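Below is one structure, written out as structure tokens; the observations come after it.
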Amino acid sequence: MKQDRKALVRAYRERRKPAGVFALRCTTTGQAWVGSTPDLSTRQNGLWAGLRLGGYPLPALVAAWKQEGEGAFAFDVLETLPDEDREPYVEASQLTDLAAVWRERLGAEKL
């Protein structure tokens, strides 16, 4: 049983994480923030936790969250990077570039 647990933990750590660009949108005001992350599968939880605690470093976002409430916000994946041959230094640059393109397209703020 202990071996199975170790194998599961190893497999979890070695899994391919979906990297990409996402938008956080306030559905009532139309405001949008765009960011990128090397792990889309965990980013929404991290954002929501920070916003619930009121400690997120973007005052405009925190103010909108407090005024409109959690139910008015949506997390949307805009684009993911392909898995093949991703290198961390290239991935970071690609994510930065893609996020800038999406911010311009949506007229969104940087997250």
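Structure values in brief
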| quantity | calculated |
| --- | --- |
| Elements of type helices (runs of 4 or more DSSP H) contained in the stretch 1-85, each with 3 or more residues being within 23 Å of ASP97 (Cα to Cα) and not basic (Lys, Arg) | 40-53 |
| Matching entry among LEU53, LEU81, LEU47 (being under 16 Å from LYS110 (Cβ atoms) and not small (Gly, Ala, Ser)) | LEU47 |
| Pairs with Cβ under 8 Å, 6+ apart, first in the stretch 28-41 and on the phi < 0 side of the Ramachandran plot, second of a type in the set (Gly, Ala, Ser) and surrounded by fewer than 12 Cβ atoms within 10 Å (Cβ to Cβ) | GLN31/ALA60; ALA32/GLY107 |
| In the stretch 65-94, residue farthest from ASP39 (Cα to Cα) [restricted to those that are at pLDDT 95 or above and aliphatic (A, V, I, L, M)] | ALA72 |
| Tally of residues being surrounded by fewer than 19 Cβ atoms within 10 Å (Cβ to Cβ) and either modelled with pLDDT under 85 or in contact with a Leu (Cβ under 6 Å, 6 or more places away or on another chain) (or both) across the stretch 5-31 | 14 |
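For every residue, the table says whether it meets (1) in contact with a strand residue (DSSP E or B) (Cβ under 9 Å, 6 or more places away or on another chain); (2) small (Gly, Ala, Ser).
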residue	(1), (2)
LEU58	yes, no
LEU61	yes, no
LYS66	no, no
GLY71	no, yes
LEU81	yes, no
THR96	yes, no
TRP102	yes, no
LEU111	yes, no
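The values are calculated or read from the model by the stated rules, or taken from the named source; none is laboratory data. Just so it is clear, the structure is predicted and the values come from calculations on it, not from any experiment. Positions of Cβ are backbone-derived with ideal geometry, glycine not excepted, and every protein chain shown enters the neighbour counts.
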